[in-house]
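Some notes on the structure that comes next.
The values are calculated or read from the model by the stated rules, or taken from the named source; none is laboratory data. Please read these numbers as outputs of a predicted model, since none were measured by experiment. Note that we place each Cβ from the backbone using ideal geometry, even for glycine, and neighbour counts take in every protein chain shown. With ligands, DNA and RNA removed, areas are computed over all heavy atoms of the protein, side chains included. Shrake-Rupley method; radii C 1.70, N 1.55, O 1.52, S 1.80 Å.
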Amino acid sequence: MRDHKIFRKLAIALLLIGMIVYPPGRSTAQQSSPSGKAAPSPAPLSLDEVIRLIKQNKKDAHLVVSAIADRGVDFDLDEKTEKKLRKAGADDELLPEIWKVTPKGKANMQALLTTPSGVQVQASPAEAFALRDIQNEPDPDHRVRMADEFEKKFPSSPLLSYVFAAAAKAHQDKGDLDGTVAAARKSLKLDPDNTFSLVILALVLPTRQQLQGSPSEIRQKLQETETDANLALALLEKLRPWPDETDEQFKQRKGSLAADAHFALGMAATQEDHYDDALTQYLIAISSTSKPTFQYYYRLAEAYASVGQVPQAIDTLQKASDVARGTPMQKYADDFMAELKQKGH
């Protein structure tokens with residue numbers, strides 16, 4: 001959620017391969033036919049038409065921008081389409097201008113330029129397009145590098161908080177918890193109400209790897225966890241659906257974020273030996289999402305075992321084992337379950 005060159009529209013009528021580009025202030029719908037009736041708006045440009053425009057105007061990209069702004073396009077910018085456009089001559093400045101007028105691009109850009117609570121952010125198509133690429137990148141190492149490049153290219157971007165949030169998630173995916181904490185804090189320094197960064201930080205701080213240092217330092221991190229998780233839960237009440245999101249998709253996304261926040265509170269309570277509170281938070285986490293994770297069930301089982309509710313712990317570990325079936329995590333659940341059964345005899 002990039003510095004881009006702003007192209008001005010030419011105040012001339014331009015005839016390109018049978019297509020008319022009208023000057024600003026006079027749309028195609030305002031053109032009159034000889035009969036005095038308004039002429040119908042021209043159809044959106046096809047991919048082939050845009051490719052021809054790019055090839056014919058390699059030194060005058062502003063003409064291409066003017067044409068696609070006036071007409072729009074009838075295709076979406078997926079990986080295959082982007083390759084074709086780049087091959088024709090589209091660069092990193094032109095592609096965002098094309099993307100923002102595609103059917104999905106319009107909705108995607110609106111979502112990227114809207115905070116979780118519905119506040120509009122003013123940023124260029126280039127910045128939004130770069131953030132989209134970062135969020136869609138599957139490789140965490142590449143995602144981190146892309147975030148670094150974004151910061152260098154757009155050092156004053158209002159989307160930087162979300163770029164740092166994406167970087168924090170990438171570090172988390174890599175298992176680099178120190179990197180996760182650093183990126184999340186950079187994000188929150190720019191936007192203290194960034195819900196995603198609050199949740200990520202709350203999940204990482206109460207882990208054993210992060211709870212190092214003196215008792216006061218550990219307590220401070222646990223307090224920060226609780227503060228961040230509770231603020232995230234409060235902000236989730238203001239969460240708004242994305243433009244192209246169904247009610248069910250929105251419900252699942254909101255529930256997943258709430259589940260992580262409650263899970264973080266459960267982890268903090270566990271570290272303080274407040275197992276009853278931990279049980280409550282873990283149970284809420286599991287009930288908040290349609291897809292509880294292995295970690296949710298495993299930590300809940302630990303809390304049950306800690307308060308002597310062994311049968312409930314064993315039942316919960318079976319659920320953890322089922323969720324993790326076929327993965328290395330299954331053995332952790334099965335071994336813990338066997339240990340508890342052995343103690344029960």
First in segment 262-279 and at pLDDT 95 or above, second anywhere and open to solvent by 40 Å² or more (accessible area, probe 1.4 Å) and not in a helix (DSSP H, G or I), Cβ under 8 Å, 6 or more apart: Tyr275/Val307; Asp276/Val307; Leu279/Val307
Criterion first (loosely packed, with under 12 Cβ neighbours inside 10 Å, modelled with pLDDT of 60 or more and not acidic (Asp, Glu)) does Lys59 satisfy it? yes
Do the conditions hold for Ser321, that is, is it in a helix (DSSP H, G or I), closer than 30 Å to Asp191 by Cα and among the small types (Gly, Ala, Ser)? no
What are the pairs with Cβ atoms under 9 angstrom where one residue, in segment 87-98, is among the small types (Gly, Ala, Ser) and the other, located anywhere, is part of a loop (DSSP other than H, G, I, E, B) and modelled with pLDDT under 90? Sequence gap at least six, or different chains. Ala88/Lys58; Gly89/Asn57; Gly89/Lys58
For segment 287-318 the number of residues that are within 30 Å of Glu248 (Cβ to Cβ) and part of a loop (DSSP other than H, G, I, E, B) is 5
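Rundown of residues vs (1) within 18 Å of the chain's Cα centre (by Cα); (2) closer than 26 Å to Gly255 by Cβ; (3) at pLDDT 95 or above, yes/no style:
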site: Val144; (1), (2), (3): yes, no, yes
site: Phe164; (1), (2), (3): yes, yes, yes
site: Lys189; (1), (2), (3): no, no, yes
site: Ala202; (1), (2), (3): yes, yes, yes
site: Ser214; (1), (2), (3): no, no, no
site: Thr225; (1), (2), (3): no, yes, yes
site: Leu231; (1), (2), (3): no, yes, yes
Candidates Asp133, Asp173, filtered to the one that is under 23 Å from Trp242 (Cα atoms), under 15 Å from the mean Cα position of the chain (by Cα) and acidic (Asp, Glu): Asp133
Go through segment 140-243 and tell me which helices (runs of 4 or more DSSP H), entirely inside it, have 1 or more residues that are open to solvent by 40 Å² or more (accessible area, probe 1.4 Å) and closer than 30 Å to Asp92 by Cβ. 140-153, 160-174, 177-190, 195-204
Only one of these is out of contact with any Asp or Glu (no Cβ under 9 Å at 6 or more places or on another chain) and more than 27 Å from Tyr332 (Cβ to Cβ): Leu279, Leu236. Name it. Leu236
Return the only residue of Pro125, Pro116, Pro103 being open to solvent by less than 50 Å² (accessible area, probe 1.4 Å) and touching a Gly at 6+ places or on another chain (Cβ under 9 Å). Pro125
I need every pair where a residue in segment 147-175 that is over 17 Å from Ala126 (Cβ atoms) has its Cβ under 7 Å from the Cβ of a residue that is part of a loop (DSSP other than H, G, I, E, B) and acidic (Asp, Glu), sequence separation at least 6 or different chains. Ser161/Asp191
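So that you can scan it fast, the table gives a plain yes or no per residue for (1) among the hydrophobic types (A, V, I, L, M, F, W, C); (2) within 23 Å of His171 (Cα to Cα):
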{"site": "Pro206", "(1), (2)": "no, yes"}
{"site": "Gln220", "(1), (2)": "no, yes"}
{"site": "Thr225", "(1), (2)": "no, yes"}
{"site": "Asp228", "(1), (2)": "no, yes"}
{"site": "Leu236", "(1), (2)": "yes, no"}
{"site": "Glu245", "(1), (2)": "no, no"}
{"site": "Glu248", "(1), (2)": "no, no"}
Please specify each residue of segment 80-124 satisfying the condition of being at pLDDT below 90, acidic (Asp, Glu) and closer than 22 Å to Pro138 by Cα. Asp92
Tally, over segment 244-259, of residues that are touching a Pro at 6+ places or on another chain (Cβ under 8 Å), open to solvent by 20 Å² or more (accessible area, probe 1.4 Å) and among the aliphatic types (A, V, I, L, M): 0
